[in-house]
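Below is one structure; the comments refer to it alone.
The values are calculated or read from the model by the stated rules, or taken from the named source; none is laboratory data. Keep in mind that what you see is a predicted model, and the values were worked out from it rather than measured. Neighbour counts run over all protein chains shown; Cβ positions are idealised from the backbone, glycine included.
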Amino acid sequence: MQWNWRYEKADGTVVVELPDTVVSGGFPSQSEAESWIGESWRDLLDAGIDQVTLLEGDRVVYGPMSLQEP
């Protein structure tokens, strides 16, 4: 099963058209997806993405998780 991030606006609207800098493909494991988000969250925020949800296939693992700094 592939692990993917669903990219969303603050109101939960899914961001469909992603900038070229955003990975839209899947990750082979949860840990790889989480490592990537840990390194990339600022770039996502700069691209207009406010929150993310982690999916394993179609199943929501967790989220939405805000990308805003506390």
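Assess whether residue 66 counts as being hydroxyl-bearing (Ser, Thr, Tyr), at pLDDT 95 or above and surrounded by 10 or more Cβ atoms within 10 Å (Cβ to Cβ). Here the answer is yes, as residue 66 does meet what is asked. Filtered by the rule that a residue be of a type outside the set (Ser, Thr, Tyr) and touching a strand residue (DSSP E or B) at 6+ places or on another chain (Cβ under 8 Å), the stretch 26-40 gives 26, 27, 28, 30, 32, 33, 34, 36, 37.
Within the stretch 13-29, being among the aliphatic types (A, V, I, L, M) and surrounded by 14 or more Cβ atoms within 10 Å (Cβ to Cβ) holds for 15, 18, 22, 23. One residue stands out in the stretch 42-58 among those that are loosely packed, with under 12 Cβ neighbours inside 10 Å and within 17 Å of residue 69 (Cα to Cα): the one that is farthest from the chain's Cα centre (by Cα), namely 46.
From the set of residues in the stretch 30-41 that are of a type in the set (Gly, Ala, Ser) and loosely packed, with under 12 Cβ neighbours inside 10 Å, which is modelled with the lowest pLDDT?
If we filter the stretch 30-41 for residues that are of a type in the set (Gly, Ala, Ser), which is where we start, we get 31, 33, 35, 38, 40.
Imposing the further condition that a residue be loosely packed, with under 12 Cβ neighbours inside 10 Å reduces the set to 31, 38.
Numbers: 31: 95, 38: 92.
Step by step, filter the stretch 30-41, then rank; the result is 38.
Only residues that are within 17 Å of residue 68 (Cβ to Cβ), in a helix (DSSP H, G or I) and touching a residue at least 24 places away in the same chain (Cβ under 8 Å) were counted across the stretch 1-41, and they come to 2.
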